[in-house]
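Asks: Let me begin by handing over the structure; questions about it come next.
The values are calculated or read from the model by the stated rules, or taken from the named source; none is laboratory data. Predicted, not measured: the structure shown is a model, and the values here were computed from it. Using ideal geometry, Cβ is built from the backbone for each residue, glycine included, and neighbour counts are taken over all protein chains shown.
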Amino acid sequence: MRRRHFVTDLARYAALCAALPNEWRLTWRPSFTDDPFTLGVAAGDPTPSGAVIWTRLAPRPFEPEGGMPGTRPIVDWEVAEDEAFTKVSARGRYTAAPELAYSVHVDVQGLGADRWYFYRFRSGDALSPVGRLRTTPAAGATTPLRLGMASCQNYEQGLFTALQHLSTERCDLVTHLGDYIYEYGGRGNAVRSHRGFEIRSLDDYRMRYAQYKLDPALQAAHAMCPWLVTWDDHEVDNNYAGEAGENEMEAAEQMRMRRAAGYQAWWEHQPVRVPRARSWADLTVTRSADWGALARLWMLDTRQYRDDQPCGDGSRVVPCGDWAEPSRTILGSAQERWLLDGLGASSARWQVLGQQVPVAPFDDRKGAGQRLYMDGWSGYPANRDRVLRAIAERAPNRTVVLTGDVHSNWVNELRAGFDRPDRPVVAAEFIGTSISSGGDGSETWLGAPEQMPENPHVKWHSARRGYVIHEVTPSAWTAAYREVPFVERPGAPVRTATTWRLEHGRSGIQAG
Ligand SMILES: [Fe+2]
């Protein structure tokens with residue numbers, strides 16, 4: 001290139017920069033008066049060769065734009081074999097943007113399979129905390145998996161003590177099954193409903209994530225290992241179903257706007273690799289992840305594609321309304337086909353469904369007749385029986401369902417259908433309690449003990465707070481229920497309340 005041309009180009013570039021609006025301007029060395037890494041770091045969706053690493057620049061998280069100046073700052077990232085970052089395995093540069101809340105999502109590639117790494121970010125002089133990630137084993141490997149499971153962390157109902165304990169559990173992977181934030185309880189621009197103030201705008205959802213992400217226990221749990229995250233209802237609106245909100249007066253168009261805001265803010269704050277959508281309201285989070293040949297995890301979305309609950313979303317005596325209609329769906333037809341075809345095609349030792357709401361029924365009506373929870377799979381019995389039949393045919397006694405939502409612990413044997421009581425047990429459902437939702441909790445859920453004889457598939461139950469640690473080997477699946485006795489004051493210890501075991505290829509769940 002001739003020197004004259006280079007100088008002309010440089011002058012043109014300078015003129016272009018001067019004419020650019022602020023938000024298109026790159027800031028190579030941003031200077032921060034406050035730490036921009038207040039929300040911590042996270043990794044997620046690991047593969048044999050990498051993972052997504054995440055952070056968000058927010059020097060003053062409760063100000064508009066998180067206290068950022070509206071330009072596009074450069075963020076450097078690096079992944080190393082050691083915590084001192086002397087053996088760097090990968091590094092690169094990312095341009096953060098105001099329209100995505102200055103979030104950073106790097107899909108790191110080229111790492112070795114089944115290994116631990118450290119990662120961090122730098123912008124200007126600011127250095128982020130260090131996070132750890134483990135890549136998954138290579139295809140074919142049956143390396144054991146230690147999997148943490150959490151859900152339902154209502155910030156104002158309790159402390160995240162359980163997450164603090166989880167951060168010391170030496171997990172390889174954590175799955176979070178939703179209700180990562182709650183949409184009610186806020187103020188500001190939020191709209192008043194029977195639950196108090198509910199957030200609905202993108203700015204409000206972002207602010208809510210920032211409030212949660214500031215929690216040191218949540219940050220510690222993320223920094224420990226990669227997470228595999230899905231959402232439930234409260235990331236948008238309590239008990240929403242497709243385009244039907246909880247508040248009946250909310251039109252479908254309004255719910256789509258709200259979904260777009262909630263889904264975008266979720267994406268901006270989670271370490272996820274999910275396909276782009278034409279509209280944020282249609283963001284798909286359904287995906288699978290492999291732990292070598294040991295386990296395939298099917299991460300499902302039972303919110304976005306479901307039909308409305310049949311006769312309200314509480315507990316109802318059935319049948320009611322169109323409850324028994326065979327066409328009614330909780331997965332949506334495309335997701336159902338993807339799952340059922342996949343269960344037949346996968347050769348992994350264990351098939352794992354990571355999803356939101358209880359699959360097993362729980363009849364809470366004493367004596368004759370059944371009263372069931374309409375917001376769970378019990379509100380969609382035809383869809384449940386199709387899935388259970390497919391498990392019975394394609395992956396019996398090596399399928400485990402992981403569930404959140406109900407703020408209590410349940411160990412359920414899943415039968416090849418709940419339409420008839422004599423169907424064989426073909427899978428296990430481990431429902432994990434909340435981290436903090438519902439406050440301190442209690443020994444049992446109201447009315448549960450007296451109803452156990454009418455629900456013989458329920459092996460164990462408790463309504464304390466905590467999380468679950470799953471130990472998975474080729475021959476057995478062990479679930480340890482870890483409980484904290486209180487969350488409304490600090491310092492709760494953690495203990496293992498019970499342990500349940502599933503032998504690969506054998507029907508039923510055993511204690512111990
Ligand atoms: Fe919840």
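Asks: Taking helices (runs of 4 or more DSSP H) that fall entirely within the range 172-286, which contain at least 3 residues that are more than 16 Å from Gln153 (Cα to Cα) and not aromatic (Phe, Trp, Tyr)?
Replies: Values: elements: 202-213, 216-224, 252-269.
So the answer is 202-213, 252-269.
Asks: Here's a follow-up. Hey, among Thr136, Thr175, which residue is more than 14 Å from the ligand (Cβ to nearest atom), under 21 Å from Trp231 (Cα atoms) and buried (at least 24 other Cβ atoms within 10 Å of the Cβ)?
Replies: On the way: Thr136 fails: under 21 Å from Trp231 (Cα atoms).
After ruling out the rest, the residue left standing is Thr175.
Asks: Condition check: within 23 Å of the chain's Cα centre (by Cα) and surrounded by 17 or more Cβ atoms within 10 Å (Cβ to Cβ). Does Ala463 satisfy that? Talk me through it step by step, then tell me what you get.
Replies: Details: within 23 Å of the chain's Cα centre (by Cα): yes; surrounded by 17 or more Cβ atoms within 10 Å (Cβ to Cβ): yes.
So Ala463 fits the description; yes.
Asks: If the requirement is being out of contact with any helix residue (DSSP H, G or I) (no Cβ under 9 Å at 6 or more places or on another chain), on the phi > 0 side of the Ramachandran plot and surrounded by fewer than 20 Cβ atoms within 10 Å (Cβ to Cβ), which of these qualifies: Gly312, Gly292?
Replies: Numbers: Gly292 fails: surrounded by fewer than 20 Cβ atoms within 10 Å (Cβ to Cβ).
Within the list Gly312, Gly292, the selection yields Gly312.
Asks: Follow-up question, since we're still on this one. Give me the pairs, please: first residue somewhere in the range 138-162 and within 11 Å of Ser436 (Cβ to Cβ), second residue anywhere and part of a strand (DSSP E or B) and within 16 Å of the ligand (Cβ to nearest atom), beta-carbon distance under 6 Å, and either six or more positions apart or on two chains.
Replies: Qualifying pairs under 6 Å: Ala150/His176; Ala150/Tyr467; Ala162/Arg465; Ala162/Gly466; Ala162/Tyr467.
Asks: Looking at the range 245-264 only, could you name the residues that are buried (at least 19 other Cβ atoms within 10 Å of the Cβ), at pLDDT below 95 and among the small types (Gly, Ala, Ser)?
Replies: Gly245
Asks: When you check Thr499 against the structure, is it assigned to a strand (DSSP E or B) and under 30 Å from Gly342 (Cα atoms), yes or no? Give the steps one after another, and end with the answer.
Replies: Values: assigned to a strand (DSSP E or B): yes; under 30 Å from Gly342 (Cα atoms): yes.
When the stated conditions are applied, Thr499 passes them.
Asks: When Phe418 is evaluated against the numbered criteria (1) in contact (Cβ under 8 Å) with a residue 40 or more places away in the chain; (2) within 16 Å of the ligand (Cβ to nearest atom), which criterion, by number, is the only one it fails?
Replies: Of everything listed in (1) in contact (Cβ under 8 Å) with a residue 40 or more places away in the chain; (2) within 16 Å of the ligand (Cβ to nearest atom), Phe418 misses just condition (2).
Asks: Just to be sure before I move on: is Pro358 part of a loop (DSSP other than H, G, I, E, B), in contact (Cβ under 8 Å) with a residue 12 or more places away in the chain and within 16 Å of the ligand (Cβ to nearest atom) in the structure I sent?
Replies: Details: part of a loop (DSSP other than H, G, I, E, B): yes; in contact (Cβ under 8 Å) with a residue 12 or more places away in the chain: yes; within 16 Å of the ligand (Cβ to nearest atom): yes.
The answer is yes for Pro358.
Asks: So, Asp313, is that one modelled with pLDDT of 95 or more and acidic (Asp, Glu) or not?
Replies: Numbers: modelled with pLDDT of 95 or more: no; acidic (Asp, Glu): yes.
In short, no.
Asks: Right, something else. Looking only at the range 447-464, how many residues end up being in contact with a Ser or Thr (Cβ under 6 Å, 6 or more places away or on another chain) and either within 16 Å of the ligand (Cβ to nearest atom) or among the acidic types (Asp, Glu) (or both)? Working first, answer last.
Replies: We begin by selecting, within the range 447-464, every residue in contact with a Ser or Thr (Cβ under 6 Å, 6 or more places away or on another chain); these are 460, 463.
This time we only want the ones that are either within 16 Å of the ligand (Cβ to nearest atom) or among the acidic types (Asp, Glu) (or both), so: 463.
Total meeting the criteria: 1.
Asks: Just one of (1) in contact with a Phe, Trp or Tyr (Cβ under 7 Å, 6 or more places away or on another chain); (2) at pLDDT below 95 trips up Ala368, so point out which.
Replies: (1)
Asks: Which of the following residues is of a type in the set (Ser, Thr, Tyr), crowded, with 18+ Cβ neighbours inside 10 Å, modelled with pLDDT of 85 or more and assigned to a loop (DSSP other than H, G, I, E, B): Thr55, Thr33, Thr38? Lay out the reasoning, then the answer.
Replies: Numbers: Thr55 fails: assigned to a loop (DSSP other than H, G, I, E, B); Thr33 fails: crowded, with 18+ Cβ neighbours inside 10 Å.
Residue meeting the stated conditions: Thr38.
Asks: What residue, among those in the range 234-272 that are aliphatic (A, V, I, L, M) and within 16 Å of the ligand (Cβ to nearest atom), is farthest from Leu218 (Cα to Cα)? Let's see the steps before the verdict.
Replies: Looking only at the range 234-272, we keep the residues that are aliphatic (A, V, I, L, M), and these are 236, 241, 244, 249, 251-252, 255, 257, 260-261, 265, 272.
Retained after the next criterion (residues that are within 16 Å of the ligand (Cβ to nearest atom)): 236, 241.
Values: Val236: 20, Ala241: 28 Å.
By that ranking, first place goes to Ala241.
Asks: Any residue in the range 318-330 that is farther than 19 Å from Asp364 by Cβ sitting within a Cβ distance under 9 Å of a residue that is β-branched (Val, Ile, Thr) and assigned to a loop (DSSP other than H, G, I, E, B)? List the pairs, counting only those 6 or more apart or interchain.
Replies: Between residues of the range 318-330 that are farther than 19 Å from Asp364 by Cβ and residues that are β-branched (Val, Ile, Thr) and assigned to a loop (DSSP other than H, G, I, E, B), the close pairs are Ile330/Thr302; Ile330/Val357.
Asks: Can you tell me which of Thr496, Thr444 is more than 16 Å from the ligand (Cβ to nearest atom), over 21 Å from the mean Cα position of the chain (by Cα), of a type in the set (Val, Ile, Thr) and surrounded by fewer than 14 Cβ atoms within 10 Å (Cβ to Cβ)? Give the steps one after another, and end with the answer.
Replies: Values: Thr444 fails: surrounded by fewer than 14 Cβ atoms within 10 Å (Cβ to Cβ).
Step by step, each of Thr496, Thr444 is checked, and only Thr496 is more than 16 Å from the ligand (Cβ to nearest atom), over 21 Å from the mean Cα position of the chain (by Cα), of a type in the set (Val, Ile, Thr) and surrounded by fewer than 14 Cβ atoms within 10 Å (Cβ to Cβ).
Asks: Collect the residues in the range 82-113 that are more than 22 Å from Val272 (Cα to Cα) and either of a type in the set (S, T, N, Q) or in contact (Cβ under 8 Å) with a residue 12 or more places away in the chain (or both), keeping them in residue-number order.
Replies: Hits for the range 82-113 are Asp82, Glu83, Phe85, Thr86.
Asks: Of the residues that sit in the range 368-386 and are in a loop (DSSP other than H, G, I, E, B) and in contact (Cβ under 8 Å) with a residue 40 or more places away in the chain, which one is farthest from Gln355 (Cα to Cα)?
Replies: This residue is Gly369.
Asks: Further question on the same structure: For the range 419-441, what are the residues that are under 20 Å from Trp500 (Cβ atoms) and crowded, with 20+ Cβ neighbours inside 10 Å?
Replies: From the range 419-441, those under 20 Å from Trp500 (Cβ atoms) are 424-434, 441; that's our starting set.
Once the filter is applied, which keeps residues that are under 20 Å from Trp500 (Cβ atoms) and crowded, with 20+ Cβ neighbours inside 10 Å, the range 419-441 yields Val426, Ala427, Ala428, Glu429, Phe430, Ile431, Gly432, Thr433, Ser434, Gly441.
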